[in-house]
Amino acid sequence: MNTNVRRSVFVSTMPFGFHDRAPIDWLAETGWDVRFNDTGRKLKPEEVAEYARDCDGIIAGTEDLSPLLDRNPKLQIIARVGVGLDSVPLRRCRERGIAVTYTPDAVTPAVAEFAVGAMLSVCRDIAGVDRKMRKGVWHRSQGLRLGTARIGVIGFGRIGSTVGRLVGGFRPAELLVSDKLGKHAEISALVAQGVRARAASTDQIIDECDIITVHVPIDHSTRGFLKEPQLRRMKKGAYLINTSRGGLVDEDALFRVLKDGHLAGAAVDVFLHEPYGGPLCTLDNVLVTAHLGSCSVDCRADMEREATEDLIRHFRGEKLRSPVPAVEYENQT
């Protein structure tokens, strides 16, 4: 590979280099043509395709990159800042020989802590009480304590297992874990620490838990798996936490079961279409946040550095540190 070629790179994700300029400096040192998303907002898929139509590589956020592949025949690498891959058409990339990297480990602590924080907030109505006080209403709500709850974790990978360890510290009444790989060793480790944890099916978690937190990737087996029938099977007064992907939960159905009081509350950080401004924002029993899970200063900086490093390594002909594994290509429809 000729490493002296002047490459063209587009950085679509934003903000980028806000707390740590190292990735910007590394790109500047290459002498390549590097352009950044300077709009101050998330780009639409067609905008990404236009901005990056002649680029050799892209450092991308959660934007749908399908239109980019339609328009750019010379793209060589997609360096994803984050762990979710539903926005990247992996099989098309493989067919065209486009390398894809991601940053699966960097996001874990931030998303896990955020999920537990969202759980605490919605179960104790912290955000709701704050809103009332700003309107002059002194309201002392009585909520659900994690130490008395039966908590279900759907998906026990990097993030889900970290959430399990964190909530285990609250000594919940029971921790139910559902994962297609079983995760018996991880569950046994929690039990050894005094946590009442056990493996369960997703159906058991839906039927039995007071709090359900979702931590699965979106693929052909999980897309839309929490529809209205599943949400209405949840215990009356239960809570749902989703910090994974919006397409996992039917948002309209969630709105209905929250509005009629079947569920006591929900915390939703991810949506099918982002930015989101839909009906969930009108409900007081929902904590809605703007895909903030990975947005801690340290984790965001780690993600940006890792993605940038792999993009540079690719064009220098060096081994990639975090290529997307083959199983992810097979899981995606």
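Scanning segment 26-38 finds one or more residues that are exposed (fewer than 14 other Cβ atoms within 10 Å of the Cβ), over 20 Å from residue 310 (Cβ atoms) and in the same structural domain as residue 84 (by TED's automatic domain parsing).
Determine whether residue 153 is in contact (Cβ under 8 Å) with a residue 40 or more places away in the chain and assigned to a strand (DSSP E or B). Taking the combined requirement at face value, the residue satisfies it.
Can you name the residue in segment 46-84 that is of a type in the set (D, E, K, R) and under 23 Å from the mean Cα position of the chain (by Cα) and, of all such residues, is surrounded by the most Cβ atoms within 10 Å (Cβ to Cβ)? Among them, the one singled out is 80.
Do you know which residues across segment 18-41 are part of a loop (DSSP other than H, G, I, E, B) and within 23 Å of residue 75 (Cα to Cα)? Hits for segment 18-41 are 31, 32, 37, 38, 39. When residue 290 is tested against (1) exposed (fewer than 15 other Cβ atoms within 10 Å of the Cβ); (2) assigned to a helix (DSSP H, G or I), just one condition goes unmet, and that condition is (2). Only one of (1) in a loop (DSSP other than H, G, I, E, B); (2) without any contact (Cβ under 8 Å) to a residue 40 or more places away in the chain; (3) under 17 Å from residue 14 (Cβ atoms) is not met by residue 68, so which one is it? Among (1) in a loop (DSSP other than H, G, I, E, B); (2) without any contact (Cβ under 8 Å) to a residue 40 or more places away in the chain; (3) under 17 Å from residue 14 (Cβ atoms), residue 68 violates only (1).
Being surrounded by fewer than 22 Cβ atoms within 10 Å (Cβ to Cβ), closer than 22 Å to residue 131 by Cα and among the aromatic types (Phe, Trp, Tyr) is a description that does not apply to residue 271. Taking the stated definitions as given, is residue 128 surrounded by 23 or more Cβ atoms within 10 Å (Cβ to Cβ), touching an Asp or Glu at 6+ places or on another chain (Cβ under 8 Å) and closer than 29 Å to residue 284 by Cα? Here the answer is no, as residue 128 does not meet what is asked.
Each row is one residue, and each column tells you yes or no for (1) modelled with pLDDT of 95 or more; (2) touching a strand residue (DSSP E or B) at 6+ places or on another chain (Cβ under 6 Å).
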| position | (1), (2) |
| --- | --- |
| 35 | yes, yes |
| 45 | yes, no |
| 58 | yes, yes |
| 62 | no, no |
| 67 | yes, no |
| 77 | yes, yes |
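The number of residues in segment 97-140 being part of a loop (DSSP other than H, G, I, E, B) and either at negative phi or not assigned by TED's automatic domain parsing to the domain that holds residue 283 (or both) comes to 14.
In this structure, residue 280 does not satisfy being outside any helix (DSSP H, G or I) and over 17 Å from residue 215 (Cα atoms). Of all residues in segment 303-333, those being in contact with a Cys (Cβ under 9 Å, 6 or more places away or on another chain), modelled with pLDDT under 95 and not hydroxyl-bearing (Ser, Thr, Tyr) number 0.
The values are calculated or read from the model by the stated rules, or taken from the named source; none is laboratory data. Computed from a prediction, not measured in an experiment: that's the story for all the values here. Because the Cβ atoms are built from the backbone with ideal geometry, glycine has one as well, and the counts that use them run over all protein chains shown.
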